[in-house]
Amino acid sequence: MRSAFLALGLLALLAVNADAAAWKVDHAKSKLWFEGQWSDETFSATFGSWDANIQFDPANLPASKAAVTIDLGSVAADEDDLTSGMKGPLGFAVRQFPQATFVTSSIRSAGGNNYIATGALTIHGIAKQIQLPFTLAITDASAHMTGAVTVARTDYGVGTGSSMGMDWASEKPVARAIRIRVDLTATKQ
């Protein structure tokens with residue numbers, strides 16, 4: 001009898017440590033972008049190329065994780081000048097730093113369909129821990145996630161040089177606070 005309880009306990013422990021389900025991003029229904037302020041006007045830019053390796057199970061959050069890779073050269077704003085500035089040496093410096101990454105260290109419940117992903121966001125080779133709050137709705141084998149986090153661009157060395165008589169690290173003309181947003185649809189594999 002005692003060995004049966006030990007076996008059940010071991011099976012329960014293995015179930016908790018099992019991998020979470022893998023999810024594949026539906027890029028046609030997903031968007032990754034950011035917003036900021038330029039001379040007190042809101043601007044936004046979208047990343048056209050990015051991918052995410054996602055394993056998620058709301059019943060097994062310790063095994064849930066995500067690793068996102070963003071092609072910084074795929075950034076596009078409404079204006080060509082803004083797009084090229086973002087790709088250039090005073091922006092993302094895509095020739096030297098072609099990718100940004102976000103790799104979770106934990107995902108925890110914040111009640112209901114709300115979660116918080118903690119992990120390292122790396123831009124310009126600088127990694128900073130952030131917390132990304134998100135909402136997730138799972139219906140059968142489809143998931144829809146929305147989330148947003150505000151970071152300081154200067155924490156990552158983005159826009160810290162000077163040109164045209166401007167110190168780009170200052171709060172003007174480009175605010176330091178940048179709001180990163182994600183609207184992601186994925187299918188369970």
Footprinting exposure proxy for GLU41, GLU79, GLU35 (fewest neighbouring C-beta atoms within 10 Å first): GLU41, GLU79, GLU35
How far, in nm, would the chain grow between GLU79 and ALA137 when pulled straight, counting 0.36 nm per residue and subtracting the alpha carbon separation? 17.5 nm
Taking other Cβ within 10 Å of each residue's Cβ, how do SER64, SER30 sort, fewest first? SER30, SER64
Relative contact order for the range 20-188, counting Cα pairs under 8 Å that sit 6 or more residues apart, in percent: 25 percent
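FYI, it's all coordinate maths here, none of it is from the lab. Here the structure is a predicted model, which means the values were calculated and not measured. Ideal geometry is used to build each Cβ from the backbone, glycine not excepted, and the neighbour counts take in all protein chains shown.
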